[in-house]
1. Which ones in segment A:239-264 are open to solvent by 50 Å² or more (accessible area, probe 1.4 Å) and at pLDDT 70 or above?
2. Tell me which of these B:L216 doesn't satisfy, since it passes every other one: (1) away from chain A (no Cβ under 14 Å); (2) over 23 Å from A:V114 (Cα atoms); (3) outside any loop (DSSP other than H, G, I, E, B); (4) open to solvent by less than 30 Å² (accessible area, probe 1.4 Å).
3. Taking the conditions exactly as written (open to solvent by less than 10 Å² (accessible area, probe 1.4 Å), within 11 Å of chain B (Cβ to nearest Cβ) and in a loop (DSSP other than H, G, I, E, B)), does A:G103 satisfy them or not?
4. If you scan segment A:124-155, which residues turn out to be open to solvent by 20 Å² or more (accessible area, probe 1.4 Å), more than 7 Å from chain B (Cβ to nearest Cβ), under 17 Å from B:Y119 (Cα atoms) and touching a helix residue (DSSP H, G or I) at 6+ places or on another chain (Cβ under 6 Å)?
5. Do we find that A:F234 is modelled with pLDDT of 90 or more, within 27 Å of A:Y203 (Cα to Cα) and over 17 Å from the mean Cα position of the chain (by Cα) in this structure?
6. For segment A:106-123, enumerate the residues that are open to solvent by 30 Å² or more (accessible area, probe 1.4 Å), under 24 Å from A:Q157 (Cβ atoms) and not acidic (D, E).
7. From the list A:E176, A:E95, A:E170, which residue is within 8 Å of chain B (Cβ to nearest Cβ) and open to solvent by 40 Å² or more (accessible area, probe 1.4 Å)?
8. Check whether at least one residue in segment B:77-88 is open to solvent by 30 Å² or more (accessible area, probe 1.4 Å) and among the acidic types (D, E), and report yes or no.
There are 2 protein chains.
Amino acid sequence: MADGNQEMKLYSHPMSSCSRRVRLALNLKGLSSIPSFCIRFHSKFLTYITESHFLVTEIRSRICYEPVLKTNLSMYVISGLKYDCINILSIGDPEILKVNPMGFVPALVDGTTVVADSYAIFLYLEEKYPQHALLPQDIMKKSINYQVASIVSSSIQPLQNTSLVHSIGEIVSPDEKLPWAQYHIRKGFIALEKLLANHAGKYATGDEIYLADLYLAFQLDNAINRFNLDMTEFPLLLKLHKMYHQTPSFQQIFTESLEQNIDKSLFNFTKPQEA
Amino acid sequence: MADGNQEMKLYSHPMSSCSRRVRLALNLKGLSSIPSFCIRFHSKFLTYITESHFLVTEIRSRICYEPVLKTNLSMYVISGLKYDCINILSIGDPEILKVNPMGFVPALVDGTTVVADSYAIFLYLEEKYPQHALLPQDIMKKSINYQVASIVSSSIQPLQNTSLVHSIGEIVSPDEKLPWAQYHIRKGFIALEKLLANHAGKYATGDEIYLADLYLAFQLDNAINRFNLDMTEFPLLLKLHKMYHQTPSFQQIFTESLEQNIDKSLFNFTKPQEA
């Protein structure tokens, strides 16, 4: 429950960087999650957590029941306000289309308000739940945060998201997938490295965690772990990447996606993939 | 001058939908422009307006001087606050790289603050120059505006911008340029048509002009005039397109780009292009 009268739900995906940045924002704002159910993933398996805390996994019609470890579950239920986290595992799933006509995660349902897209969700959350501000007070520093969000969300992410990269593999060649993604990520990173040169502290725009960090953390993780980008020319971004991996609130989100029972090979472009 | 102490400049491009939406926002907020100079366009010609109001065009080393028509100039200098509009006509031009490390227009310089990317500029302007609000007061309606901005700026525009579409022509085939752009625009329009079904009035989210309209107007113009998209399945979007073309503040921006002395064939994908 987000407040006394409203139910809050986040439609998410464990490997989606857009979802992960929203989950981190909700955690920072003290809104922690109760995982609800995960449905459909390329029609291959179905995973959800029952009310009695059993992790149910159906793989090609074989159903496995597995108790959720207390340590695993406690990760989701910390303190403060709660929201249901519903993992939607395929683009265009009817469940997600009900709340986001684009068919993408993340989408947030807060009582009667439905907001899809991470940028829109951040701006909504910042007004509705001002605790732990995601934007600094200073208008110049704020604009740097907006610019980082825009570079990641408009100039990098749309050109390296899983479905687009797979479509490049189909219309050009499977060998073009990795160079295509690396080219667009690198172009954005060159700009980010320059943009942040005079603003970074411990984090992207100073010593506090702001919107820019939420965008950078998971984009950096994608670049390094999914697309094997050479980071030699980005010392500042690499320093930030290391800092995020040492910061507990970020670590929690990185760990969550690693622990999810999904086929991660579909999201990794550094190794040859099955047809 | 944006105020007594600060000079305001907008780095723009007459055919860039991102620049056009910012120019409209500035006009709505009473910040009108004085065109300054246009530089470089595929090294073919150079156009700028001198202080004495002569339009100077250099085409392949031939320099033409032409007095700016009073009616043409008056279009730029209306009333209220002023800003210099600097037309940058190639991505990665050194002039634009000074203010935006991505090398794209638009970029706004407001005194000592530099903000690049139209979304970032809108959020900056909305706080700094609250006159003629670009966002409604109601948080739910506001979130619809954010979502429209995100769908256009992350799910449509990056996949149909001129340089990306030309790169698809190179790596796949020139015949793939138009279908590629149409596919991605159509996907976004399906979502926008559904999203706005319960919110539109005279404009996208009611009877006032808001952020969503600024994003839609020039995206619709691109879809129809540059990419020849069949709009039959988008009656609401088509109705909005017609409304924008009947609204003076929008008409002014549509007309400006038509009057600019640049090679528009590079931006039109409906006809065969020169190699």
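1. Answer for segment A:239-264, where residues must be open to solvent by 50 Å² or more (accessible area, probe 1.4 Å) and at pLDDT 70 or above: A:K239, A:K242, A:H245, A:Q246, A:P248, A:Q251, A:T255.
2. Of the numbered conditions (1) away from chain A (no Cβ under 14 Å); (2) over 23 Å from A:V114 (Cα atoms); (3) outside any loop (DSSP other than H, G, I, E, B); (4) open to solvent by less than 30 Å² (accessible area, probe 1.4 Å), the odd one out for B:L216 is (2).
3. Details: open to solvent by less than 10 Å² (accessible area, probe 1.4 Å): yes; within 11 Å of chain B (Cβ to nearest Cβ): yes; in a loop (DSSP other than H, G, I, E, B): yes.
Against the criterion (open to solvent by less than 10 Å² (accessible area, probe 1.4 Å), within 11 Å of chain B (Cβ to nearest Cβ) and in a loop (DSSP other than H, G, I, E, B)), A:G103 qualifies.
4. The one that is open to solvent by 20 Å² or more (accessible area, probe 1.4 Å), more than 7 Å from chain B (Cβ to nearest Cβ), under 17 Å from B:Y119 (Cα atoms) and touching a helix residue (DSSP H, G or I) at 6+ places or on another chain (Cβ under 6 Å): A:L135.
5. So A:F234 fits the description; yes.
6. Hit for segment A:106-123 is A:V114, nothing else.
7. Just a single option satisfies the conditions, and that option is A:E176.
8. If we filter segment B:77-88 for residues that are open to solvent by 30 Å² or more (accessible area, probe 1.4 Å), which is where we start, we get B:77-82, B:84.
Adding the requirement that they be among the acidic types (D, E) leaves B:84.
Yes, the conditions are met somewhere in segment B:77-88.
The values are calculated or read from the model by the stated rules, or taken from the named source; none is laboratory data. Just so it is clear, the structure is predicted and the values come from calculations on it, not from any experiment. No Cβ is skipped: glycine too gets one built from the backbone with ideal geometry, and neighbour counts run over all protein chains shown. Keep in mind that these areas ignore ligands, DNA and RNA; they rest on the heavy atoms of the full protein, side chains included. Shrake-Rupley method; radii C 1.70, N 1.55, O 1.52, S 1.80 Å.
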